[in-house]
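**Q** Below: one structure in structure tokens.
Taken together, the values in this text are just the output of simple stated rules run on the coordinates, not laboratory data. Note that the structure is a prediction, hence the values are computed from the model and not measured. Here the Cβ positions follow ideal geometry from the backbone for every residue, glycine too, while neighbour counts run over all protein chains shown.
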Amino acid sequence: MLSAFSECHSLISEQGQENEIDEVLEFINLIQRSGRSLLELADEILSIEVPKQRDLKSDEFNLLVFKDKLETLYTPQARNKNIEFVISTSVNSATIPFSKNKLLQITGNLISNAMKFTPVNGKITVDLSLKIEDTQNLLQINVTDTGVGLSQDAIDAILSGSAKSTDGTSGEQGYGFGLALVKHLIDSLEGSMHIYSHPNQGANFEVALPQAQ
């Protein structure tokens, strides 16, 4: 297919120099037809290579795609701090599509926060599941770390949207709005967030987001 494009380019150059406009137009049409065939072939190959994405719309994820996005974004950060980073998904609902609206902002901020407050050689686990219910599905995101933990006052400040930034275990600077943004986004999606933690005992953030069927 690519050799055909090269051949057409040479012929157009020759015919153009000889001012044979009809032939030039015909070659242009040939390139257009060949281009469409090449795109159709690419689409066909992609649909074979990644069947799990075939039925997803541009505004949707499924658990497998969501997991892949998060691993791509945050594995380098975990390696840089020598943190064990594990993401798991529920098998029975792994390919069911759901809205990706604000998911990367919510989950990404929770993971970044866990990275910030987990010391070198610590561990962060992310559990993703989709609970199937009669009226609506429920996307559940749990982020657990072995970090410095939180006091009850700190938990209350996060849930009230008044948390202030503090430095991480390796001196990482915060901007003061990460968890406040998470809370705001979850509220805007009519979801919920619970935090379970004690100082020096790590933290567990549990998020539940309703999803239309």
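**Q** Starting with the highest mean, order 120-130, 198-208 by the number of other Cβ atoms within 10 Å, averaged over the residues of each peptide.
**A** Ranked from most to least packed, the peptides come out as 120-130, 198-208.
**Q** Taking θ as phi - 60°, what are the ³J(HN,Hα) couplings along the stretch 67-82 by the Karplus curve (6.51, -1.76, 1.60), each to the nearest whole Hz, with x for Gly and Pro?
**A** Coupling constants for the stretch 67-82: 4, 4, 4, 5, 4, 5, 6, 10, 4, x, 5, 5, 4, 4, 10, 6 Hz.
**Q** What list of ³J(HN,Hα) values in whole Hz, one per residue of the stretch 110-121 in order, does the Karplus curve 6.51 cos²θ - 1.76 cosθ + 1.60 (θ = phi - 60°) give from phi, with Gly and Pro shown as x?
**A** These are the phi-based 3J(HN,Hα) values: 5, 5, 4, 5, 5, 4, 5, 9, 9, x, 3, 6 Hz.
**Q** Note down the magnitude of the dipole of the stretch 60-211 about its Cα centre, charges +1 on Lys and Arg C-beta and -1 on Asp and Glu C-beta and zero elsewhere, to the nearest 20 debye.
**A** Numbers: 11 positive and 15 negative charges, 77 e Å.
Computed charge dipole of the stretch 60-211: roughly 380 debye.
**Q** Please give me the summed charge of the neighbours of Asn204: other residues whose Cβ is under 11 Å from its Cβ, Lys and Arg +1, Asp and Glu -1.
**A** On the way: positive: none; negative: Asp127, Asp145, Glu206.
For residues surrounding Asn204, the net value is -3.
**Q** May I ask you to list the lysines whose Cα is less than 21 Å away from that of Lys81, ignoring any residue fewer than eight positions away on the same chain?
**A** Lys67, Lys69, Lys116, Lys123
**Q** Can you tell me which of 143-150, 89-96 comes out highest on packing, and rank the rest after it, using the mean Cβ neighbours within 10 Å?
**A** Working: 143-150: 21.0, 89-96: 14.9.
Result, highest mean first: 143-150, 89-96.
**Q** Search the structure for amide H atoms under 5 Å from the amide H of Ser88, placed 1.01 Å from N in the peptide plane, and list their residues when 5 or more places away or on another chain.
**A** Val126, Asp127, Leu128
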